[in-house]
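Each remark here refers to the structure printed beneath this line.
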Amino acid sequence: MALFQRKRRNILPGFGLSMGYTVFYLSAIVIVPLSMIFFNTIPMGWEPFVHAVTAPRVLASYTLSFYTAFFAALFDAFAGLLTAWVLVRYRFPGKQFLDALVDLPFALPTAVAGICFATLYSPVGWLGQLLAPLNLQIINTPTGIIIALIFIGFPFVVRTIQPVLEEMEQEIEEAAHCLGATRWQTFTKILLPHLFPALLTGVTLAFARGIGEYGSVIFIAGNLPMKTEIAPLMIMSKLDQFDYAGASAVALVLLCISFSMLLLLNAVQEWQQKEYRS
Amino acid sequence: MNLQGIKKLTFAATLILASGIPGTFAEAAGNATLLNVSYDPTRELYQSENTAFAQYWQKKSGQSVVINQSHGGSGKQARAVIDGLEADVVTLALAYDIDAIADSKLLDINWQKKLANNSTPYTSTIVFVVRKGNPKQIKNWDDLVKPGVSVITPNPKTSGGARWNYLAAWGYKQKQTGSAEKAKTFVKALYKNVPVLDTGARGSTLSFAQRGLGDVLIAWENEAHLILKEFGSDKYEIVSPSVSILAEPPVAVVDKNVEKHGTRKLAEAYLNFLYTPQAQDIIAQNFYRPRNPAALKKYAANFPTIKLFTLGEVFGNWRTAQKTHFNDGGVFDQIYTP
């Protein structure tokens, strides 16, 4: 109680009620369903759990899932920033059409995307045909996974940056220019710090989505043990052995790593925002 | 977010939800209904069988009956039934999946003794599909491990059909050499030649036929004929190995569910109907090997003689085969871990 009393009273009324709602909805929508993973894992016991989640194939799949999601999110950061910039700052015919295209990865069933990519990059596909003579193989390699994840994560970055860019006044840039800043300085000292929190949010969303993505990836990954098996596939293959506990165990570890990464990113964002304001 | 944005998101969410529903589930109204939960490639087979059975049952009992079908990967379908999909009958790719349902007490553990021929009204086997003219000269299992031959087969961890493929290769070598050790080396060499492990048999078919991957596809005999029909017999041909496995996809009544629905009589009649000459003809027309010798003779042109061994001969039973080969840490995992 002492802790509560020391806290400043919020000037906005209704904190208790709205907080209650928030906790209730978060529980119903997120916490309760996810806790099933936890409760499914408990009967397993510690040793089988450790055994299940540290099997070489499972470890390899974690590594693959995280690094492909990371590189895809990184690429999305650049591509998304540029796209958002063009969509906000320029006027051109067909702009609304382009704007709507950005959302397509949201709407398309991910399996469809996966099949499209696999067909496109296959040795007889449009792009695969061109790459085959160069000995560049995309399909059935981690590169293929990254391409699928770039597609899936792209709208997250664009859609989080767009509103922030829209609110930014162009006058600030003009002022910077008048004060003698070079274009590069304007970009790094004025634009980027302002956009950074939104960019980070978008990238985090794309990254988190990439770790869990299943539908589009399995069609292009090749699913070779130790090489191109993503973590969600390990969960599916454990389920196909009717090994519910093992599947939950792999899922639990995935969840814990993802959650701590999201927490970390949130912390970085908060720190960055404070830095920017001061 | 503005209203338009919300609308867009709702639309997207609806699409995603609609695409996420597993299997297909044809709902229809009628006097009596049965739900047949089956695996992927039997869609066309059971469509024909269901029409035939409905006529047969109408004539026999005067009752009209509608049979709903649900299709998906065999393991996934078994899980759906375990998790509460109220199937009256299950017709799956392998006995192990029905064993798993039996483990959850939905049907008797000795289910496979209840109908003739190990409760499998039809069989199939594992053959090869190659590109027209057979450019890599693939004639038998041994040709699959040659350097430079690229083999397409799905992942046995996630596909029931793929497990039959794996066991067929293993059994061939073990019968030939009498040594399980040599069989393991052979299977290991074979999977070295596999560039992609799709999660299901249909996925492998697409990789091979549509994406042009691989020189040879290991497939169910019925699926091989379907590829020739769908993608053109001018592009692909079927090669039958000298020895292969007798694949037995079993059928069973789900006791708990038929008791709940009061459909036991109908469900049993439905499965028994599959053994009748009429149904056996339909089976053969769909390129599954019928049990009935007369039907097999009638369609003999579709079914070349292959020396077939049973799963029991080489592996004992499905539970042991699953445990030794496909469970985590099993032989399949070992051949991939350095």
Legend entry - First in segment A:213-236 and under 19 Å from residue B:153 (Cα atoms), second anywhere and open to solvent by 10 Å² or more (accessible area, probe 1.4 Å) and among the aromatic types (Phe, Trp, Tyr), Cβ under 6 Å, 6 or more apart: A:220/A:117; A:225/B:336; A:226/B:336
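Answer yes if at least one residue in segment A:141-161 is in a loop (DSSP other than H, G, I, E, B), farther than 20 Å from residue A:71 by Cβ and within 13 Å of chain B (Cβ to nearest Cβ), and no otherwise. Explain how you work it out, then say what you get.
Within segment A:141-161, the first condition is being in a loop (DSSP other than H, G, I, E, B), and the residues that meet it are A:141.
From what is left, the residues that are farther than 20 Å from residue A:71 by Cβ are none.
There is no residue in segment A:141-161 that is in a loop (DSSP other than H, G, I, E, B), farther than 20 Å from residue A:71 by Cβ and within 13 Å of chain B (Cβ to nearest Cβ).
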Legend entry - segment B:310-338 residues that are within 11 Å of chain A (Cβ to nearest Cβ), paired with ones that are of a type in the set (Ser, Thr, Tyr) and open to solvent by 50 Å² or more (accessible area, probe 1.4 Å) (beta carbon under 6 Å, 6 or more apart): B:330/B:324
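With the requirement that a residue be in contact (Cβ under 8 Å) with a residue 12 or more places away in the chain and open to solvent by 40 Å² or more (accessible area, probe 1.4 Å), what does segment B:288-309 give you?
Step one: filter segment B:288-309 for residues in contact (Cβ under 8 Å) with a residue 12 or more places away in the chain, giving B:288-292, B:294-296, B:298-299, B:302-304, B:306-309.
Matches in segment B:288-309: B:291, B:294, B:296, B:298, B:299, B:302, B:304, B:307, B:308.
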Inset, instruction - Tell me, please, whether a residue that is within 14 Å of chain A (Cβ to nearest Cβ), of a type in the set (Ser, Thr, Tyr) and touching a residue at least 60 places away in the same chain (Cβ under 8 Å) can be found in segment B:168-180. - result: no
Legend entry - Residue selected from segment A:60-90 under the condition free of Cβ contacts under 8 Å to residues at least 40 places away in the same chain and open to solvent by 80 Å² or more (accessible area, probe 1.4 Å), by the criterion nearest to the other protein chains (Cβ to nearest Cβ): A:63
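Being part of a loop (DSSP other than H, G, I, E, B) and either farther than 16 Å from residue A:213 by Cβ or touching a Pro at 6+ places or on another chain (Cβ under 6 Å) (or both) is the filter here, so list the residues in segment A:85-121 that pass it.
Start the filter on segment A:85-121 by keeping residues that are part of a loop (DSSP other than H, G, I, E, B), which leaves A:90-94, A:103, A:108-109.
Across segment A:85-121, the qualifying residues are A:90, A:91, A:92, A:93, A:94, A:103.
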Inset, instruction - State whether the residues of segment A:189-200 include one that is surrounded by 18 or more Cβ atoms within 10 Å (Cβ to Cβ), of a type outside the set (Lys, Arg), away from chain B (no Cβ under 11 Å) and in contact with a Gly (Cβ under 6 Å, 6 or more places away or on another chain). - result: no
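Take the residues in segment A:209-265 that are more than 8 Å from every other protein chain (Cβ to nearest Cβ), hydroxyl-bearing (Ser, Thr, Tyr) and open to solvent by less than 30 Å² (accessible area, probe 1.4 Å); name whichever of them is nearest to residue B:75 (Cα to Cα).
Residues of segment A:209-265 more than 8 Å from every other protein chain (Cβ to nearest Cβ): A:209-217, A:220-221, A:227-232, A:234-235, A:244-245, A:247-265.
After this cut, where a residue has to be hydroxyl-bearing (Ser, Thr, Tyr) as well, the list is A:214, A:216, A:228, A:244, A:248, A:258, A:260.
Now narrow it down to the ones that are open to solvent by less than 30 Å² (accessible area, probe 1.4 Å): A:216, A:228, A:248, A:258.
On the way: A:216: 21, A:228: 22, A:248: 17, A:258: 28 Å.
The qualifying residue nearest to residue B:75 (Cα to Cα) is A:248.
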Legend entry - Number of the condition not met by residue B:324 [criteria: (1) assigned to a helix (DSSP H, G or I); (2) open to solvent by 40 Å² or more (accessible area, probe 1.4 Å); (3) farther than 30 Å from residue A:244 by Cβ; (4) not small (Gly, Ala, Ser)]: (3)
Inset, instruction - Among the residues of segment B:53-70, write down those that are part of a helix (DSSP H, G or I) and touching a Ser or Thr at 6+ places or on another chain (Cβ under 6 Å). - result: B:58
Legend entry - Members of segment A:122-140 found to be within 11 Å of another protein chain (Cβ to nearest Cβ) and either at pLDDT below 85 or outside any helix (DSSP H, G or I) (or both), listed by number: A:122, A:123, A:124, A:125, A:132, A:137, A:139, A:140
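With B:129, B:81, B:89 as the choices, which residue is of a type in the set (Val, Ile, Thr) and within 14 Å of another protein chain (Cβ to nearest Cβ)?
Numbers: B:129 fails: within 14 Å of another protein chain (Cβ to nearest Cβ); B:89 fails: within 14 Å of another protein chain (Cβ to nearest Cβ).
Testing whether each residue is of a type in the set (Val, Ile, Thr) and within 14 Å of another protein chain (Cβ to nearest Cβ) leaves just B:81.
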Inset, instruction - For residue B:264, state whether it is surrounded by fewer than 23 Cβ atoms within 10 Å (Cβ to Cβ), among the basic types (Lys, Arg) and within 18 Å of the chain's Cα centre (by Cα). - result: no
Legend entry - Selection status of residue B:44, among the charged types (D, E, K, R), touching a helix residue (DSSP H, G or I) at 6+ places or on another chain (Cβ under 7 Å), surrounded by fewer than 21 Cβ atoms within 10 Å (Cβ to Cβ) and farther than 19 Å from residue B:319 by Cα: no
Inset, instruction - Give just the number: which of (1) away from every other protein chain (no Cβ under 12 Å); (2) in contact (Cβ under 8 Å) with a residue 12 or more places away in the chain; (3) open to solvent by 50 Å² or more (accessible area, probe 1.4 Å) does residue A:115 not satisfy? - result: (1)
Legend entry - Answer residue from segment B:100-125, given it is within 14 Å of another protein chain (Cβ to nearest Cβ) and among the small types (Gly, Ala, Ser) and is nearest to residue B:273 (Cα to Cα) among those: B:102
Inset, instruction - Return a yes/no flag: does segment B:213-225 have any residue that is over 14 Å from residue B:332 (Cα atoms), open to solvent by 10 Å² or more (accessible area, probe 1.4 Å) and touching a Lys or Arg at 6+ places or on another chain (Cβ under 6 Å). - result: yes
Legend entry - Residue among B:255, B:198 that is of a type in the set (D, E, K, R) and not assigned by TED's automatic domain parsing to the domain that holds residue B:96: B:198
Inset, instruction - Identify all residues within segment B:151-202 that are surrounded by fewer than 22 Cβ atoms within 10 Å (Cβ to Cβ) and within 21 Å of residue A:228 (Cβ to Cβ); write none if there are none. - result: B:188, B:189, B:191, B:192, B:193, B:194, B:195, B:202
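A quick yes/no check of all residues on (1) within 30 Å of residue A:194 (Cβ to Cβ); (2) in a helix (DSSP H, G or I); (3) in contact with a Gly (Cβ under 8 Å, 6 or more places away or on another chain):
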position: A:214; (1), (2), (3): no, no, no
position: A:224; (1), (2), (3): no, no, no
position: A:235; (1), (2), (3): no, yes, no
position: A:246; (1), (2), (3): no, yes, no
position: A:268; (1), (2), (3): yes, yes, no
Inset, instruction - Within segment A:209-263, track down each residue that is aromatic (Phe, Trp, Tyr) and over 29 Å from residue B:99 (Cα atoms). - result: A:219, A:259
Inset, instruction - Scan (1) part of a loop (DSSP other than H, G, I, E, B); (2) under 12 Å from residue B:254 (Cβ atoms) for the single condition residue B:35 breaks and write down its number. - result: (1)
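The values are calculated or read from the model by the stated rules, or taken from the named source; none is laboratory data. As the structure is a prediction and not an experimental result, all values here were calculated from the model. Ideal geometry is used to build each Cβ from the backbone, glycine not excepted, and the neighbour counts take in all protein chains shown. Heads up: the accessible areas ignore ligands, DNA and RNA and are worked out on the full protein's heavy atoms, side chains in. Shrake-Rupley method; radii C 1.70, N 1.55, O 1.52, S 1.80 Å.
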